[in-house]
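The values are calculated or read from the model by the stated rules, or taken from the named source; none is laboratory data. For clarity, every value in this text was computed on a predicted model and none was experimentally measured. Don't worry about glycine lacking a Cβ; one is built from the backbone with ideal geometry, like all the others, and counts go over all protein chains shown. With ligands, DNA and RNA removed, areas are computed over all heavy atoms of the protein, side chains included. Shrake-Rupley method; radii C 1.70, N 1.55, O 1.52, S 1.80 Å.
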Amino acid sequence: MKKNLTALILLFVFGNTALNAQDKVNIPLPSPAQMHWLQKERMMFVHFDPSAWQGREYDNHSYPIEKMHLSALNTDQWCETARLWGAKTILFVAKHTGGFCWWQTQTSEYGIRNTPWKGGRGDVLKDLSESCKKYGLELGVYVYPGDETWGAGIGSGGKTKDPAKQEAYNKVFRQQIKETLTQYGPISEVWFDGSCIIPVDDLLREYAPDAVVFQGPSASLRWVGNEDGIGPDPNWYTLSSKDLATGVATALHSDVNGDAYAPVEVNVPLMKHGGHKWFWAPNTDHLLMTDEELMMRYYKSVGRGSILLLNSTPDTSGLIPASHVARYRAFGEEIVARFDRPLKRSSGSKEIIEISFRKPTEINHTVLQEKLSKGQRVVEYVIEGSADKGRTWKTLYSGTSVGHKKIDRFPTVSIDKVRARFVKTKAMPDIINFAVYDVKSKLKDMNEEAGEYPVVIGNWDRTTFDSIEWKDLTLDLTPHVSKIGQYEIKFQTLIESWRPNIGLDFKDWQLEMYGHEMNSAIKQIDGHTFRIDRSQQTLDEFKTVLRVRVKRKPLNSFGEIVIRRITY
């Protein structure tokens, strides 16, 4: 007995010593500006440009700006729309690629002062700044580093084709940045789309020290790498300082052991249903995302610890169209209905956080949040439920990164205990919120029987697969292939998927189903999609398993593996 007691004492002492040592691990921490930014969760982009009058995505100067009357422009309406879906910041495109300036500036003839609106004395950025203060919103600015009238076109970062013009254009752009930062503040975020080669770091330090910066040499944020509204999973806020210094790092460069801190921002246009438009055009309501598509973006951005930057686009009158406003309102109401009232919540700085119910309770969602000031500490975790007062536990969800907020969704189960168990950490986790929900909704994405909406069954990042050696991958499809029908499994690349050398290659796939090999029931239908035919019911103990050898294409990528039933 004495020997056992001694062993227990040693275990207690050395166990706690190990945890204290872990707390000394060098974990990159956010700046106050980054921490404040992450807590916003939702932000509204505003793309407004002569492109709307041209019916184009990029301004080609084909519409005379002296005809831009802006008959109903109302920045209060923009702010009211942002608040409908819980956005806390408006990020205004004050100057897009065509160079049109929405504020009073002498740096360009192509701007609001040369339109008939308010006799040429109007200033949309000023009006928006005042509206944001009125409605309790923060203001960010997008000022495109290039300008085609100077020969610094799309993707130039501000570099002029004629080197003789560079110094003069540098002065112009620096003046534009100074004006937008000093006359309309405070500015909480500065967006340099495609980076910026013009030196403006001194202006940012002097006039916007509390702002986060998207891309460029002073970047404290990264682009996710796609315009689909989908963030990575896992979502590490850290990367190497060398990658961050490039000014164009994306989620692809995320590294759980990185020495620099720069979270990713997830941007997407509202007009993303079967199309992709940032600017308003007539007869485009069919492109508005459905309520289900908007909720999917919410789960895969905010629910993966990122910021959702959802676009809005006023029409040529200057108002956000009523059909768009209705979609934002429904989106905001659905978020509140799902997540405003948890069944129970807890918190703590420990390896297991447990919640108990007095009677069997149905749940289908959990939310985890780390204390941001201590950095990302959780590396792997599991959500487990028990229906027998904790005697046996069943895994409901297995996850990796947490960060600001991780929303996990799983089939509805009846339990009397649920716990979050942190199986791999950098230091003792500090969880400020572990909440449990039973989400009910009329939207189709919550119909667990329909199988219509894709379910994520796996993820990969740049370290998962090799570009030379093939790697064996095994996917247990049993929970998702339970009914007769056809199923599609897609390996969706989420980083610059339009490039030819990004993605995965596959060979030697095998399907186990009905208790034996069924390769005749699986077919590769394109480079990243497999189709499975399930023609009969089978015994519950027979698993459905896909085994395939995978190799990465030459360029690094990250993505997710999704499955959905396509026939019933």
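Things worth noting here:
- When H286, H47 are compared by accessible surface with a 1.4 Å probe, the order from highest to lowest is H286, H47.
- In straight-distance terms, cross-link reach from K483 covers every one of the lysines whose alpha-carbon lies under 20 Å from its own, apart from those fewer than eight places away in the same chain; here that gives K444, K523, K543.
- Those residues of region 313-355 whose amide nitrogen sits under 13 Å from the label point placed on L443, 7 Å along Cα→Cβ: 327-340
- Solvent-accessible area per residue for the chain (1.4 angstrom probe, square angstrom): 44 Å²
- Percent of C-alpha pairs per 10 Å bin in the chain, short distances first: 3, 16, 25, 25, 17, 9, 3, 1, 0, 0.
- Placing dummy labels 7 Å off each Cα toward the beta-carbon, the span from N519 to I27 is 4.7 nm.
- Surface/4 estimate of mean projected area, convex hull on alpha-carbon atoms of region 100-146, nm²: 3.7 nm²
- Helix 124-135 and the long axis of the chain differ in direction by around 50°, with both axes built from C-alpha atoms.
- Taken about its Cα centre, region 474-515 carries a charge dipole of about 140 debye when Lys and Arg each add +1 at the Cβ and Asp and Glu each add -1 at the Cβ.
- Of K272/K440; K424/K551; K300/K553; K40/K394; K67/K88; K350/K389, pairs whose Cα-Cα distance is over 29 Å: K40/K394; K67/K88
- Magnitude of the charge dipole for the chain, about its Cα centre and with charges confined to Cβ atoms of Lys, Arg (+1) and Asp, Glu (-1), is about 1400 debye.
- Acute angle (nearest 10 degrees) that the helix 75-84 long axis makes with the longest principal axis of the chain, alpha-carbon atoms: 0 degrees
- When the Cα positions of W280, P429, C101 are compared along the charge dipole of the chain, P429 comes out farthest toward the positive end, with charges on each C-beta of Lys, Arg, Asp and Glu.
- Taking label positions 7 Å along the Cα-Cβ direction at both K507 and Q486, the computed distance is 2.8 nm, reported to one decimal.
- Order of exposure, largest accessible area first, which applies to K406, K471, K394 with probe 1.4 Å: K394, K471, K406
- For the chain, share of DSSP beta bridges that run antiparallel, in % to the nearest 5: 70 percent
- Quarter of Cα convex hull surface for region 34-143, i.e. mean projection, nm²: 7.4 nm²
- Computed helical MRE - 222 nm, the chain, DSSP H runs ≥ 4 contributing -39500 (n - 2.57), nearest 500: -6000 deg cm²/dmol
- Apportionment of accessible area to carbon and sulfur, the chain, percent (1.4 Å): 50 percent
- Alpha carbon centroid spacing (whole Å) that separates region 242-289 from region 172-217: 20 Å
- Projected label points at K350 and R329, each 7 Å from Cα along the beta carbon direction, are separated by 4.6 nanometres.
- Using a probe of 1.4 Å, the accessible surface attributed to H480 totals some 60 Å² when neighbouring protein chains are kept in position.
- Exposure ranking of S254, S347 by accessible area [1.4 Å probe, largest first]: S347, S254
- Under the shape rule built on the C-alpha gyration tensor, where the axes satisfy a ≥ b ≥ c, region 247-286 is prolate, since a/c reaches at least 1.5 and a/b is greater than b/c.
- Cα shape, region 125-166, gyration tensor, a/c 1.5 rule: prolate
- In region 408-541, a dipole from Cβ-located charges (positive for Lys and Arg, negative for Asp and Glu) runs towards its positive end, and of A420, T493, S482 it is A420 whose Cα lies farthest in that direction.
- Taking 0.36 nm per residue of separation and subtracting the Cα-Cα distance, full extension of the segment from R205 to E541 would add 114.7 nm.
- Cα shape, region 202-273, gyration tensor, a/c 1.5 rule: oblate
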